[in-house]
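Read the structure below first, then the notes.
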Amino acid sequence: MAHDLAGRIRLLRQLRDSRLTRPSTADEEPESGPSPQTGPIPVAGEAAAPPPTGFSALADGVWGRVIRLAAPQLAQVVRRGSVLLPAADDAAARAASIRFFDLETTGLSGGAGTKVFLAGVGVLEEETLRVEQLLLADLGAEPAFLDQLALRFPEDALYVSYNGRAFDAHQLKTRFLMNRRVHSLQFHVDLLYPARRLWRSVLSRCSLAELERSVLSIRREADLPSAEVPERYFAYLRNRDPAALEPVFAHHYHDIVSLSWLFITMDEILRRPCAWLARSEVPFDAVQAAVWLLSHPRAADRRFEAEELLNAVLRDEDRASDERVEAGLLLGTCHKRAARPHEAEQVYRLLYETFRDPRVAVELAKQLEHHRRDPAGALEVLEAVDLQGCPRGVTDDIEYRTQRLLRKRDRGRALHG
Amino acid sequence: MSAVERVLAELKNDPVFAANVSQWQEIPAREGTYAPLPSDLHPRLRATLEAGGVRQLYNHQADSYRAVRSGRDVVVVTPTASGKTLSYNLAILQELLHRPEARALYLFPTKALSQDQQAGLNLAVEGGELGVKVATYDGDTPDSVRASARETGQIIISNPDMLHSGILPNHPKWIKFLGNLAFVVIDEIHTYRGVFGSHMTNVVRRLRRITEFYGADPTFICCSATIGNPRELAERIIGRNVELIDNNGAPSGAKHLILYNPPFVDRVQGIRKGVVQEARALTLRFLKAGVKTIVFARSRLRTELIAAYIRRSLENVYTDHGRINVEAYRGGYLPSERRAIERGLRDGTVQGVVSTNALELGIDIGGLDAAVLAGFPGSISSSWQQAGRAGRTRNLSVAVLVASSSPLDQYMVKHPHYFLGRAPEQGFVDPDNLHILISHLRCAVFELPMKPEERYAPQSELYLQHLEEEGTVRLSAGMYHWSDRSYPAESVSLRSATADNVVIVDSTNGEYSVIGETDRPSAKEVLFDNAIYIHRGEQYVVTELDLENRKCLVERTDVNYYTEALVKRDIKVLHEDETRHAGGSRLVLGDILVRTQVAKFKKIRFQSHENVGYGEVSVPEEEMHTRALTIVFDPDTRAGGALRELDPAMRVPAVVRIGTLVKNVAPVFLLCEATDLRAAERLKDPHFGQPCLYIYDGYPGGIGLAEAFAGQLEPILAAALSLVRDCECSEGCPSCVGPRDPQEEIDGNPKEAVSAFLAAWLSVSDADAEPAQAQDG
Ligand SMILES: [Zn+2]
């Protein structure tokens, strides 16, 4: 039984039009030309559309523009070598041309149907940051767009992003796969992870926008919310008015520039954490900063700063007791690993006398028993602990150690008595 | 003498029971037919089989091995307990042992089945140290193991929903798996009919597009329970020719099949004892005799009721009889709850289970001795499937169909030869349903841009143009590209009309725990404020239905009634596609708009089922655009003439009753649920200007039920007539045209009116059938 398909689709459309109440956002561009319900669809001719301001054609359907900006501070950091970058030998060569990158996509949920339509990369040239933005002028031009991206995103360069590891890099790889090409970024530093260490406990969120406000003290004028980016692009595809994209270009450009500033600031903080802690203009989580430094691929180079930082927290009486205990425990571990039992004991002793924290008591007792060979002293420390409100695991540990030390003492007495 | 033999002898000698049996059929035991293990079998695979005691194959297993090895797509028709899994695992494991980079995808209609399957495969695969990696990938798979499943799983066990919303839209992540995909197993393919099957067909179309993109061309292995057209259904779903393998070689034990019609309580009004009470009594008899029993109930509500009644009856005896553990089992339970019940059935700690058709599928619940079908399950193939749940071993088993007073049940139990002799129904799909096709076309374009000339479906370019107008796709450089920010698979549910399910939250004592979920349109009909919701035998009262946030709060309660919504419907004809004159009437196929509103509910007392009060409901109306077959009773047609011969006062009651009758009889002809098809009558229809009967599809856009109904109109009406004529009642009863309703205030005998009307309508029905005519309205 044949369906009258055209008639049924017509009907479907009428029903949709009569019922659909599409929430119209205030800043949606008024559509020019005939309404899509009654007239023909605007033809998607890349050639017919004017390029957005400052852009020129790189290939059929691919627009690009370059903006340069003085970046002496960045040049200095890059010359010196950043603590944020990996340390492999050839990385030094790559570090000379590190690339800050960011992508804008047609959707935020990922998947095969989400396309990259705007890609930006910032490269240091002498004392300037050269930011290049590439726009996909229409969806069908993706192969040419990817050709251009492949030139600007060499696989073996060193990339810096914010939250690019989980999303952007994956999205880029997908786009190449969808076009039967293999392309992936091999060296990629995502600042999100160290940023979380530094600020997760200090700030409400760790988004780039939040860090811009709180850490870099930048206020963007009339910035476009990320959530509105895809709609802007689709509006541009529909009516070919590049004005709709201006806020997207600005937003995207600022993201890359902010990324480079964030890179400088984070490098400064992590290179000289004690100095930044003292200046206290940018609050950060010092204990977590030390954790990051200690887990750094070149941890040996960073141990001194980490320990100095922990020491500063430990001895700063204005800081919260929890923070000081955490810092002291971590510092004690550093001393033990470096075979400095006396320093470790000193740290635990100081903490123990100040806070009587049960976890500290356990550590101190271990030091006394095993390094100082003073089980009686260890027992004394454990017996003086206030177990009120102490976590279960720690209580059990203390109980177990106390019993063991008691048996040891009794055996000793029996032998000598 | 086994427990089953004892209880069968007892029933045979029980005159009260025997008086109500309309058919007692003994199906003899069957010997198996065997073939040797294939000679080319990989030595490790052979060793694994032999270690598990498998030294030969059933015929059908050997045949499917041969067919799949030579690259043919197959559908294997497998009754319960016929070694189904081996019929596909063997060829696949063989290939994976020789070519470890090959991949296989196993699709099961439910998560429960796929988890069951993985357990079985792990045993086989690890036990024999075959070194084949098997991974389950479904909604319950933790994120941490997903990546390794994708990368290293040689056999991935999943379900259509996950394929649709998780795998296909992210296919670049699956490149290694999909690029090497050599086999796709679609188990329980008979479940993919109607709406679900129409969705499934589209999911397979999408899968084949993607595998083709990656250069793979997997062999499809489908398994089906007995249905009328397994090959046709499989071919429709996978879009290619398949080889049918139905030479079942598995042995089976003897089985007694009993059709039982509960006795009359009131013969004049045609009221019989209720199916719930009769099923309960019979099940108790089995359980107390030590016979492990499964009861199939037709609805979730009845499942809970029967389980509760059985438990209550056992409370008095269990000190004497030891603990008999009876569980309810149905959709809407949490996976962990269901797994626990399945385990209990296998390890023997649960002796009885009351289930919806959820357990009709091949979930491993071990051997049961008796199956009680509390009501005809809607189709002959389902009946056999449910009856097959008893007697998985070679032992004697029994299955009893307890007829309800519904017309279809009465028809089956009174026409046992029809029941036993009829070929099982056919499953059909309509993948080109407007709504279903458009939904999947969106997903397909999201997954890969589409050329206008690509033959995704007949005339798919027209749909693409529609999507372009909608703005979700865009033609650029000769291809349609996805041009919307959304993720289209997210808003398409394969199981129901809408993707937005309502979650049911138990808020008793301020503790919030999710106890189930249901789709939005049914939520309006079962979860309105003050409705009684029954879950695992517990009663809950709805305290708040929050449709906006897809949430329904319930609290535990204890009352002596349950609730039923009173639904009001309004129909508007949108478009007439086609008019034909057949069966003595004018038939019009077309699109209609149905508005549904629940404004009231009834409170119905347990046991007596009397109405004990009403309540108000305030939920927004539901709107559905669907397909309808309208029977127009023009005066110059035989049907119209027959109607006009009736006393004017009897015309409306007669048409209403015919609507009820055909709606009840049709499912067995169309292999659908009674609720899939709706009927509404108008004595003076504003659109057609004549008395009309609308038969319409319960699914948005229609899935071909209206069309199928048009093709089967005469046999359906003939069955309706014989049902009314054969009924013992005098003026209509629930088993035929429905009992007399005092509010109708009619003097005549409605049953006689219907009978006379149908007889006059059908008398010369073959003579004036005319060829179909298309007409654009
Ligand atoms: Zn009757």
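The values are calculated or read from the model by the stated rules, or taken from the named source; none is laboratory data. Remember, it's a predicted structure, so these values are computed and weren't measured experimentally. Glycine gets a Cβ as well: all are built from the backbone with ideal geometry, and neighbour counts include every protein chain shown.
Scanning the range B:694-704 for residues that are buried (at least 22 other Cβ atoms within 10 Å of the Cβ) and within 25 Å of B:Val652 (Cβ to Cβ) gives B:Tyr694, B:Ile695, B:Tyr696, B:Asp697.
Is there a residue being of a type in the set (D, E, K, R) and within 14 Å of chain B (Cβ to nearest Cβ) anywhere in the range A:113-134?
yes
For the range B:204-232, enumerate the residues that are more than 22 Å from the chain's Cα centre (by Cα), outside any helix (DSSP H, G or I) and not hydroxyl-bearing (Ser, Thr, Tyr). Selection gives B:Gly215, B:Ala216, B:Asp217, B:Pro218, B:Phe220.
Within the range B:460-471, not a single residue is among the aromatic types (Phe, Trp, Tyr) and more than 20 Å from B:Pro700 (Cα to Cα). State all residues of the range A:259-275 that are more than 14 Å from A:Ala290 (Cα to Cα), among the aliphatic types (A, V, I, L, M) and surrounded by 21 or more Cβ atoms within 10 Å (Cβ to Cβ); if no residue qualifies, say none. If the condition is that a residue be more than 14 Å from A:Ala290 (Cα to Cα), among the aliphatic types (A, V, I, L, M) and surrounded by 21 or more Cβ atoms within 10 Å (Cβ to Cβ), then A:Leu259, A:Leu262 are the ones that fit.
Residue pairs whose Cβ atoms lie under 7 Å apart, separated by 6 or more positions or on different chains, with the first residue in the range B:628-654 and in the same structural domain as B:Leu587 (by TED's automatic domain parsing) and the second among the polar types (S, T, N, Q) and assigned to a loop (DSSP other than H, G, I, E, B), are B:Val632/B:Gln690; B:Phe633/B:Gln690; B:Asp634/B:Gln690.
Could you check how many residues of the range B:52-107 are in a loop (DSSP other than H, G, I, E, B) and in contact (Cβ under 8 Å) with a residue 12 or more places away in the chain? So the count comes out to 16. Put simply, of B:Glu728, B:Glu707, B:Glu745 the only residue that is away from the ligand (no atom under 16 Å from the Cβ), in contact (Cβ under 8 Å) with a residue 40 or more places away in the chain and either surrounded by 16 or more Cβ atoms within 10 Å (Cβ to Cβ) or farther than 30 Å from B:Asp577 by Cα (or both) is B:Glu707.
Each row is one residue, and each column tells you yes or no for (1) modelled with pLDDT under 85; (2) within 14 Å of chain B (Cβ to nearest Cβ); (3) within 23 Å of A:Leu151 (Cα to Cα).
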{"position": "A:Asp27", "(1), (2), (3)": "yes, no, no"}
{"position": "A:Thr38", "(1), (2), (3)": "yes, yes, no"}
{"position": "A:Asp60", "(1), (2), (3)": "no, yes, yes"}
{"position": "A:Gly111", "(1), (2), (3)": "no, yes, no"}
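In summary, A:Tyr253 fulfils each of the numbered conditions (1) in contact with a Phe, Trp or Tyr (Cβ under 7 Å, 6 or more places away or on another chain); (2) assigned by TED's automatic domain parsing to the domain that holds A:Val62; (3) among the aromatic types (Phe, Trp, Tyr) with the single exception of condition (1).
Among the residues of the range B:233-242, those identified as more than 25 Å from B:Ala387 (Cα to Cα) and either more than 23 Å from the chain's Cα centre (by Cα) or in a helix (DSSP H, G or I) (or both) are B:Glu235, B:Arg236, B:Ile237, B:Ile238, B:Arg240, B:Asn241, B:Val242.
Filter the range B:175-189 down to the residues that are surrounded by 24 or more Cβ atoms within 10 Å (Cβ to Cβ) and over 25 Å from B:Ser70 (Cβ atoms) and list them by number. Result: no residue meets the conditions. Scan the range B:757-771 and give yes if some residue there is within 16 Å of the ligand (Cβ to nearest atom), buried (at least 23 other Cβ atoms within 10 Å of the Cβ), outside any loop (DSSP other than H, G, I, E, B) and at pLDDT 85 or above, otherwise no. Yes - at least one qualifying residue is present in the range B:757-771. Inspect the range A:148-164 for any residue being away from chain B (no Cβ under 14 Å), part of a helix (DSSP H, G or I) and surrounded by fewer than 17 Cβ atoms within 10 Å (Cβ to Cβ) and give the result as yes or no. For the range A:148-164, residues away from chain B (no Cβ under 14 Å), part of a helix (DSSP H, G or I) and surrounded by fewer than 17 Cβ atoms within 10 Å (Cβ to Cβ): present. B:Arg455 satisfies every condition listed in (1) outside any loop (DSSP other than H, G, I, E, B); (2) free of Cβ contacts under 8 Å to residues at least 60 places away in the same chain except (1). Of the strands (runs of 3 or more DSSP E) lying entirely inside the range B:243-307, the ones with 3 or more residues being within 16 Å of the ligand (Cβ to nearest atom) are found at B:264-266. The criterion of being assigned to a helix (DSSP H, G or I), under 30 Å from B:Gly239 (Cβ atoms), within 14 Å of another protein chain (Cβ to nearest Cβ) and modelled with pLDDT of 90 or more holds for B:His440. Of the residues A:Arg272, A:Arg238, the single one that is within 14 Å of chain B (Cβ to nearest Cβ) and either more than 17 Å from the chain's Cα centre (by Cα) or farther than 30 Å from A:Val313 by Cα (or both) is A:Arg238.
Scanning the range A:97-109 for residues that are in contact (Cβ under 8 Å) with a residue 12 or more places away in the chain and within 14 Å of chain B (Cβ to nearest Cβ) yields a count of 5. Residues of the range B:75-104 that are closer than 27 Å to B:Tyr214 by Cβ and polar (S, T, N, Q): B:Asn89, B:Gln94.
For the range B:665-680, the criterion of a residue being at pLDDT below 90, of a type outside the set (D, E, K, R), outside any helix (DSSP H, G or I) and within 16 Å of the ligand (Cβ to nearest atom) is satisfied by no position.
Among residues of the range B:470-517 being surrounded by fewer than 16 Cβ atoms within 10 Å (Cβ to Cβ) and within 14 Å of chain A (Cβ to nearest Cβ), the one that is nearest to A:Asn179 (Cα to Cα) is B:Gly478.
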